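See below for the structure under consideration.
The values are calculated or read from the model by the stated rules, or taken from the named source; none is laboratory data. As the structure is a prediction and not an experimental result, all values here were calculated from the model. Every residue, glycine as well, gets a Cβ built from its backbone with ideal geometry; the counts of neighbours run over all protein chains shown. To get the accessible areas, we keep the full protein, side chains included, count just its heavy atoms, and leave off ligands, DNA and RNA. Shrake-Rupley method; radii C 1.70, N 1.55, O 1.52, S 1.80 Å.
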Amino acid sequence: QVQLVESGGGLVQAGGSLRLSCVASGSAFSINTIGWYRQAPGKQRELVAVISSGGSTNYADSVKGRFTISRDNDKNTVYLQMNSLKPEDTAVYYCNAVKVTTEHWGQGTQVTVSS
């Protein structure tokens, strides 16, 4: 079983920055893809950014050029640097890890961007 713990959320003004962290523990060895999803009130959960074990990345169009995902395999940690934040980025951000064919989710961290 993989445990994921997110941190770094908070309240920020539009145009500001935040960095989210997700630490994987338990059976974190050989996690394939790890990344971030978000869910705003009344909306479906959506992909934000993911990174493979080899370093390949995939971003939602809405965050390209503003968000950067990175991964430290030695620390079993994935980061999401979020710049130029917009009110529409307000959501609960969830860490997601895929190991073999099993998905694991964190509890989420709230990001609120005020206008």
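A compact table of results
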item: Some residue of the stretch 57-73 being in a loop (DSSP other than H, G, I, E, B), acidic (Asp, Glu) and either more than 18 Å from Gly9 (Cβ to Cβ) or at pLDDT 95 or above (or both); result: no
item: Residue that is at pLDDT 95 or above and aliphatic (A, V, I, L, M), where the choices are Ala28, Ala14, Ala24; result: Ala14
item: So Leu85, is it surrounded by 14 or more Cβ atoms within 10 Å (Cβ to Cβ), part of a loop (DSSP other than H, G, I, E, B), of a type outside the set (Gly, Ala, Ser) and touching a residue at least 40 places away in the same chain (Cβ under 8 Å); result: yes
item: Residue count for the stretch 1-42, restricted to those that are assigned to a loop (DSSP other than H, G, I, E, B), within 12 Å of Asn96 (Cβ to Cβ) and open to solvent by 20 Å² or more (accessible area, probe 1.4 Å); result: 1
item: Number of the condition not met by Arg45 [criteria: (1) crowded, with 18+ Cβ neighbours inside 10 Å; (2) among the basic types (Lys, Arg); (3) over 11 Å from the mean Cα position of the chain (by Cα)]; result: (1)
item: Of all residues making up the stretch 88-115, the number that are outside any strand (DSSP E or B) and either touching a His at 6+ places or on another chain (Cβ under 9 Å) or of a type in the set (A, V, I, L, M, F, W, C) (or both); result: 1
